[in-house]
1. In segment B:199-224, which residue that is farther than 16 Å from B:Arg44 by Cα and surrounded by fewer than 17 Cβ atoms within 10 Å (Cβ to Cβ) is farthest from the other protein chains (Cβ to nearest Cβ)?
2. Have a look at B:Ser79, B:Ser128 and point out the one that is in contact with a His (Cβ under 7 Å, 6 or more places away or on another chain) and either farther than 23 Å from B:Tyr155 by Cβ or more than 10 Å from chain A (Cβ to nearest Cβ) (or both).
3. Just to be sure before I move on: is B:Ser152 surrounded by fewer than 19 Cβ atoms within 10 Å (Cβ to Cβ), away from every other protein chain (no Cβ under 14 Å), in contact (Cβ under 8 Å) with a residue 60 or more places away in the chain and of a type outside the set (A, V, I, L, M, F, W, C) in the structure I sent?
4. Restricting attention to segment A:244-265, report how many residues are farther than 27 Å from A:Arg199 by Cα, at pLDDT 95 or above and surrounded by fewer than 17 Cβ atoms within 10 Å (Cβ to Cβ).
5. Residues B:Leu86, B:Leu73: which one is buried (at least 21 other Cβ atoms within 10 Å of the Cβ) and either within 15 Å of the chain's Cα centre (by Cα) or over 17 Å from B:Phe116 (Cβ atoms) (or both)?
6. Which numbered condition trips up B:Lys55, out of (1) in contact with a Leu (Cβ under 9 Å, 6 or more places away or on another chain); (2) under 23 Å from B:Tyr210 (Cβ atoms); (3) facing another protein chain (nearest Cβ under 8 Å)?
7. Going by the structure shown, is A:Arg240 away from every other protein chain (no Cβ under 14 Å) and surrounded by 16 or more Cβ atoms within 10 Å (Cβ to Cβ)?
Amino acid sequence: MRNNGCRICCRVLFFAAFLFLFSLPVKAEDDYSFDIAAFEPKPFEFGGYAEIKWEHMDLNKEGAFYGLNFYDDPRSTLDRFTGTMQLDGRYKKGIWTFNGLLNAAGRHDNNDWSDSLDVFEANLSLKPTPFATVDLGKKTFKWGKGYAWNPVGFIDRSKDPNDPEEAMEGYIGAGLDLIKSFDGSMQTIALTTVVLPVREDVNEDFGEKDHVNLAAKLYMLYLDTDIDFIIFTGNSRSTRYGIDFSRNLTTNFEIHGEFAYITDFKQNYLSETEELIPREGSVKRYLAGLRYLTESDITTIIEFYHNGAGFSESELGRFYQLVDDAYTDLQNTGSDALLQKAKNISGMGYAAPQAGRNYLYLKINQKDPFDILYFTPGLITILNLDDQSYSISPEILYTGFTNWELRMRLTVLNGGNHTEFEEKQNEDKLECRIRYHF
Amino acid sequence: MKKYITASLLFFWVVSSSAFAIDGNELLEKVDRNLQPESYEMYRKLINIEPDGSKKEYVLFTVKKGQDKMVALFLSPASEKGRATLRLGDNMWLYIPSVGKPIRITSLQSVVGGVFNNSDILRLDYSSEYDATILEETEESYVLACKAKTSSVAYDRLKMNVDKKTMVPVTIECHAASGMLIKTLYYKEIKDFGDGLVRPSVLETDSPLYKGYKSVMIYAKINKKELADEVFTLNYLPRVDELR
């Protein structure tokens, strides 16, 4: 629920984003001079970006999620404009530092206007020595070595594999970070512990309320290999254990992996009789990946992800069939009761971005091809290995104007009947994004 | 008799070549110490110049400790601010604030585009990565042939022209194992940085692989600095700015 003040604030930020993007000239740099005084550290520093994004979506009228989201407003295309402003600031005094990260966005599509104002981070950090740091407040954690997915990210929010490098909202807690370096095979050991309470208005979306949770990560750099041991315990979510690693086999070839063991995982799934059945048990999630760079500066990232907590192909198929039945029911009887039931069930994991069990991720991009500096064409593919459906996203990125980032991306989804990507809301999506950093 | 002559010739060849090798390595160590203290903090500006003359600039704060520990933090432009790269021997990581965790990168990549790659930006002492022999000596200069100690070093061979008077490099040709010239570095504009450090303040580079492009590094401040080993760890990367 947003109050009027918040709404006005969002709109001001939305228009400020436009103002930034269209009023600032593309800066032309001058000579070899280097005025170091301009880079002296200051107690207060801030920065951020302003962005506008246009998305055109061709809707998939045969898709289950089109049926769920547009049954009362049928259309074949959807255009959406989004203005975003992100501000980060830091105030430092002695061994104390305050860090803040705000994100405001306003969206307008053919039907609606919506906006949001989120405090991604707001924390106080105490750094008495290089060996120890204490953090108090809201902070984003991104644990794990995977690029697209992080099975061991026990206190992370799920990231979007199509945009895994975007900032995300953190959780409120208290953390202690200890580091020790050594000579020899074991070069570094670091321990990060986080206390994460869940109460009314505090981390409510994390899990069950009125519990205090503990997460810890033990990192080591051993024989040139990054290794993490991770544990989460507390009653907001079930106890879970994880391990990850990352290592360069050669200077241009890196491998990484993650393994998570989640105890007492609870889930509702759709039975053959279209009834919701609860199940509980231990599940495993794991990921294996590599990153390879060729002499011509082509970077390839490949990851295999198994999500033991995902739905099987037949379970997903049953859900898509339920939506089909509900849609037919609506057309035949005019009743949307079954559709509402399907909508409720979709919120129990079936509508998650990757709701299945086994995926393959591929990202290829080439920096500066054809001697065009700051130009990066690329391709992202996510393949559901169980039902063979996929999304494919070619994109081009240009960063040649100082502080500007221009990106155009087309995403096409495909697959057979009742497969994950074939049942999504969109058939394809064209996205143009302009971002200005300040 | 023939045996003795052959053995003697072989002996002198081994002795003389090893003597050259020692001299070359000592010379390379001297070059390193004249370029920078073993542990220091430094500010640099990096400029990429395109064939049409347009430029893109980056400012980096760098700290180094001992033979194999180095961190570089981007201070400018705004789009790169807060990015930090860490090097521990052959291992390199890049930290991007929005990504929130360090990812492994390779020495051949370039986090800034242009002719400089990561190993140029996070360059350790030449003597820690290369064995050197003196190829040629003239009145004004030495020419050193440097061979990478391991295959993980970005350039397999260097041909380094060292000024005898200042004992700092003038030009360095960087070659791949195949012998292909990857780039040439030009050290220019000797400047007194204080505390006895007199060295080139500008490093230019061009490459036959990037015809018409040029990259320049300008050094503004190099100070000796004592640093804890823990500064050169993944957990510390998000906080490097606090060393300034």
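1. B:Pro208
2. B:Ser79
3. no
4. Looking only at that region, the number is 1.
5. That would be B:Leu86, the only listed residue that is buried (at least 21 other Cβ atoms within 10 Å of the Cβ) and either within 15 Å of the chain's Cα centre (by Cα) or over 17 Å from B:Phe116 (Cβ atoms) (or both).
6. (1)
7. Here the answer is yes, as A:Arg240 does meet what is asked.
Rundown of residues vs (1) in contact with a Pro (Cβ under 7 Å, 6 or more places away or on another chain); (2) assigned to a loop (DSSP other than H, G, I, E, B); (3) among the charged types (D, E, K, R), yes/no style:
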residue: A:Glu254; (1), (2), (3): no, no, yes
residue: A:Gly257; (1), (2), (3): no, no, no
residue: A:Tyr261; (1), (2), (3): no, no, no
residue: A:Asp264; (1), (2), (3): no, no, yes
residue: A:Tyr269; (1), (2), (3): no, no, no
residue: A:Glu272; (1), (2), (3): no, yes, yes
residue: A:Ala288; (1), (2), (3): no, no, no
residue: A:Glu295; (1), (2), (3): no, yes, yes
residue: A:Thr299; (1), (2), (3): no, no, no
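The values are calculated or read from the model by the stated rules, or taken from the named source; none is laboratory data. Everything quoted here is computed from the prediction, not taken from an experiment. Positions of Cβ are backbone-derived with ideal geometry, glycine not excepted, and every protein chain shown enters the neighbour counts.
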